[in-house]
Each structure stands twice: as C-alpha cells, then as structure tokens.
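Chemist: Sharing a structure below in structure tokens format, with a few things to ask.
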Amino acid sequence: MTVHIRTVHSRTRWAAPAARSLFVLLTALLLIPAPLATAASVDTASAPGGGSSSGSLEPSGLEQAHNPDWMSALPDDTGLSELSLPGTHDTMAARASVFADTQDVDLPTQLRAGVRAVDIRTRHFRDVFPIHHGLEYLNTNFTNVVVQLTDFLREHPTETVVMRLKEEYTPAENTRSYEDTLNWYIHDNPETGPRLREHLWPADGNRFPTLGEARGKIVVIEGFDAEETFGPRWGTAGMDIQDTYELTGIGDVDRKWDLVRTQFDRAASGDAQTFFVNHLSATGNPAALVTGTVPVTVARGVPGTVGILDRTEDYLEANPIGRTGAVMADYPTAELVDELVARNFR
C-alpha cells in the first residue's frame, strides 16, 4: 500500500546533498555539550547530574501528554502483545552528547505521558549497573531506574511497564557475572530489592502476560545472557522486531522509513500472540558527523529530509485502526503518544 506523506511544516528542498550534510554537521557541532562522561561511576541512589541538554532545534513537547492511567480502562484478559505501546529508545539518554542523546524529558515525565515500553541499557562495571548508551555513561544508574519505575507503579497500580533490559558496552572490573549482579539488585540491595520483589512480573518462559497478570508490574525482556529466566528473551520466536539502526547518511532515512512502515503493516495484521517491536530510531554510526546523521536529525529531519517522527504521525493519522506493538521512539511527541494510546480503544 502506498502512503502519501502529508507535509506538516514547510521544508526547504536543497539542491546539493553536500550542502545539506554541511548544514547538519555545523548544527551538530553547535549542539555537542560537554565531553563524554566517564564510565567510572558508582551505583548510588542519587547519581550526580551532568552535562547540559544537548537539545535540538525544538523540544518534543512530550510533557504536554497526560495519560498516567490509560491501561485502567482495558480488560484484564488483554494480552500485552495485543496492545499499541508508546515506547522510548535508550530511555535514559537525555542530556547526553549529540551522538548519544535520544530523549529530552526524564523517565517520570515519559511515564506520565503514557510511555509503557522502556529501553534500559546497563553496563556491568565494578559489580553494579551504570546506565550507558554505547561507551557513554549517562550520569544515572539502575537504582535510579528501579526507584522511578516502582514509584510510578505504586501511584498507578493499574499500569504495567515493559522493560527491555540490555547489557551495554564492555564489562570491566567485575567479580561476578551480569546475572549475579542482577540477582543482587533483586535480592540483596536494600534500595532496590524490596521494590523489585514486589513489582517484577514472575517470568513464565518466553510468554508475555495478560494485562491482568501484569498490572503494577515490570515485565522484563531479557537482553543479556543468563541461565535463569527473568522474562521473555529479546528476539525469540514470540517476537517480531524491526531495529535497523545504522544508516549510511541522512538520505538513508527513506530506507529506514520503508522498514518502519512495513513493520506497522505487519503488526496490524499479524498474530495476536506475537509481540511486535518497531524502532523509529536510527543514527549514522560510526561516521555520524561526516554524514550529518545523528539520532535527532533522523527523528526530526533536516531541510530536504522529512524526519521519522513526522512520517510516523502522518502514517498513523492515515491508518487510524490497527495494533502497532511497542513503538520505540527518539524524542516522541505528545501527539505520537496520544495517538498510540488512543489506538487501544478503537
């Protein structure tokens, strides 16, 4: 099916791709904040704030969405795989460098807006879990994530959060396995243990639960090696994932959009028991500056190239019915989150 993209904002068409890349390169250079933070961090409940907001040409406005209890109106027998879930890619990557920044609001704001699928990336370092995006430490830690998620679920017990927990970057200076450290957070850490034991959904192989089973719970999707089962494994047969993230340049956004659109179509017509994931996110690593392709330019576009967010909003407006699965976005807008929530009631 051919989808005609509606132009929402005036977008200048540049004749020379080289000029466009130069524009994006200069913009990126202006947006780069302080140098990359070191990964040599300890896991405390109050990690130091760091880095100025890398920002972008305009904010997402996600804080204008307000859907803190949207799951309360859904029947208990609804499977999580049947839902359209607003999600964030690299959920904690706000106030990072221009290479790593993917969000402009914090986790509590995302959750109040209606986000119910999060992407938590933990480096295993000195027997704790600092939060990373690639090599970059994001000035926060797993304890903070647990506290923020469980605080939200205690205030909104009808909700559930699907959390992809991924081992990120290179482990270093550890005396135990990643699995052992995760179990320490669950069973022995006094700050996180009681919260996780109360709010983790007890895994049942690779099965995704119903909403009734998971209300007030965090459903982990395993993105790490472990003998014990903590939740469905990322990429197993019960999942259908689109996560093409490395682009050759800003012009390659067209190819990325084709993949995103195809995944939307697959989710709308696919098996109700399959958990679909559609990443709107991409970047130009390892040559992000040379190509002018970083998360913010892919998401929001540049003169001559419509970003993934605008294309997604146009597609969903033109196709208002049908499950999307978990939609993992960089800088999601209030309009995008509101639309994804609304699809669960049509």
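Chemist: Would you mention how many residues in segment 140-168 are open to solvent by 30 Å² or more (accessible area, probe 1.4 Å) and under 17 Å from the mean Cα position of the chain (by Cα)?
Modeler: 3
Chemist: Look through segment 166-181, keep the residues that are of a type outside the set (Asp, Glu) and in contact with a strand residue (DSSP E or B) (Cβ under 8 Å, 6 or more places away or on another chain), and return whichever of them is nearest to Val128 (Cα to Cα). Walk me through it before giving the result.
Modeler: As a first pass, look at segment 166-181 and keep what is of a type outside the set (Asp, Glu): 166, 169-172, 174-178, 181.
Retained after the next criterion (residues that are in contact with a strand residue (DSSP E or B) (Cβ under 8 Å, 6 or more places away or on another chain)): 166, 169, 171-172, 174, 178, 181.
Numbers: Lys166: 14, Tyr169: 14, Pro171: 10, Ala172: 10, Asn174: 8, Tyr178: 9, Thr181: 7 Å.
For segment 166-181, the residue satisfying everything is Thr181.
Chemist: So Gly205 fits all but one of (1) farther than 27 Å from Thr150 by Cβ; (2) assigned to a loop (DSSP other than H, G, I, E, B); what number is the exception?
Modeler: Checking Gly205 against (1) farther than 27 Å from Thr150 by Cβ; (2) assigned to a loop (DSSP other than H, G, I, E, B), the one that fails is (1).
Chemist: Are there any pairs, at least 6 apart or on different chains, whose C-beta atoms fall under 6 Å, with the first in segment 322-340 and within 23 Å of Gly79 (Cβ to Cβ) and the second open to solvent by less than 10 Å² (accessible area, probe 1.4 Å) and in a loop (DSSP other than H, G, I, E, B), and if so, which?
Modeler: Listed pairs, sorted by first residue: Ala329/Leu280; Val337/Ala65; Val337/Gly114; Asp338/Ala65.
Chemist: Would you check if Gly292 is touching a strand residue (DSSP E or B) at 6+ places or on another chain (Cβ under 8 Å) and at negative phi? Give the derivation first.
Modeler: Values: touching a strand residue (DSSP E or B) at 6+ places or on another chain (Cβ under 8 Å): yes; at negative phi: no.
For Gly292, the condition - touching a strand residue (DSSP E or B) at 6+ places or on another chain (Cβ under 8 Å) and at negative phi - is not met.
Chemist: Which of the residues that make up segment 328-341 are among the hydroxyl-bearing types (Ser, Thr, Tyr) and either part of a helix (DSSP H, G or I) or open to solvent by less than 10 Å² (accessible area, probe 1.4 Å) (or both)?
Modeler: Residues of segment 328-341 among the hydroxyl-bearing types (Ser, Thr, Tyr): 331, 333.
Within segment 328-341, Tyr331 is the sole residue that qualifies.
Chemist: On to the next question. Picking from Val118, Val105, which residue would you name as being surrounded by fewer than 21 Cβ atoms within 10 Å (Cβ to Cβ), at pLDDT 95 or above, in contact with a strand residue (DSSP E or B) (Cβ under 9 Å, 6 or more places away or on another chain) and more than 24 Å from Glu173 (Cα to Cα)?
Modeler: Working: Val118 fails: surrounded by fewer than 21 Cβ atoms within 10 Å (Cβ to Cβ).
The match here is Val105.
Chemist: Still on this structure, I have one more. Among all residue pairs at least 6 apart or on different chains, which show Cβ distances below 7 Å where the first residue, located in segment 59-84, is within 29 Å of Arg300 (Cβ to Cβ) and at pLDDT 95 or above and the second is of a type in the set (Gly, Ala, Ser) and part of a loop (DSSP other than H, G, I, E, B)?
Modeler: Taking only residues 6 or more apart or on different chains, the pairs are Ala65/Gly114; Asn67/Gly114; Trp70/Gly114.
Chemist: Looking at segment 213-221, can you tell me whether even one residue there is over 22 Å from the mean Cα position of the chain (by Cα) and of a type outside the set (A, V, I, L, M, F, W, C)?
Modeler: Applying the first criterion (over 22 Å from the mean Cα position of the chain (by Cα)) to segment 213-221 yields 213.
Of the ones still in play, those that are also of a type outside the set (A, V, I, L, M, F, W, C) are 213.
Yes.
Chemist: Which residue, of Val277, Val302, is in contact with a Ser or Thr (Cβ under 8 Å, 6 or more places away or on another chain) and among the β-branched types (Val, Ile, Thr)? I'd like the intermediate steps shown before the answer.
Modeler: Working: Val277 fails: in contact with a Ser or Thr (Cβ under 8 Å, 6 or more places away or on another chain).
Going through Val277, Val302 in turn, the sole match is Val302.
Chemist: If you don't mind, there's one more thing I want to ask. Please report, ordered by residue number, the helices (runs of 4 or more DSSP H) entirely within segment 237-327 with at least 2 residues that are of a type in the set (A, V, I, L, M) and open to solvent by 50 Å² or more (accessible area, probe 1.4 Å). Write out each step before concluding.
Modeler: On the way: elements: 253-269, 288-291, 295-300, 308-318.
The helices (runs of 4 or more DSSP H) meeting that bar are 253-269.
Chemist: Right, something else. For segment 211-235, give me each residue that is among the acidic types (Asp, Glu) and either in a helix (DSSP H, G or I) or open to solvent by less than 10 Å² (accessible area, probe 1.4 Å) (or both). Spell out how you get there, then give the answer.
Modeler: Filtering segment 211-235 for residues among the acidic types (Asp, Glu) gives 213, 222, 225, 227-228.
Answer for segment 211-235, where residues must be among the acidic types (Asp, Glu) and either in a helix (DSSP H, G or I) or open to solvent by less than 10 Å² (accessible area, probe 1.4 Å) (or both): Glu213, Glu222.
Chemist: Report, by residue number, each residue of segment 169-210 that is open to solvent by 30 Å² or more (accessible area, probe 1.4 Å) and among the hydroxyl-bearing types (Ser, Thr, Tyr).
Modeler: Tyr169, Thr170, Thr175, Ser177, Thr210
Chemist: Further, regarding this structure: What strands (runs of 3 or more DSSP E) lie completely within segment 63-136 and have 2 or more residues being closer than 30 Å to Ser177 by Cα and either out of contact with any helix residue (DSSP H, G or I) (no Cβ under 9 Å at 6 or more places or on another chain) or among the aliphatic types (A, V, I, L, M) (or both)?
Modeler: Numbers: elements: 84-88, 117-122, 130-133.
Answer list for segment 63-136: 117-122, 130-133.
The values are calculated or read from the model by the stated rules, or taken from the named source; none is laboratory data. Keep in mind that this is a model prediction, so the values were computed, not measured. Using ideal geometry, Cβ is built from the backbone for each residue, glycine included, and neighbour counts are taken over all protein chains shown. These area figures cover heavy atoms from the full protein model, side chains too; ligands, DNA and RNA do not enter into them. Shrake-Rupley method; radii C 1.70, N 1.55, O 1.52, S 1.80 Å.
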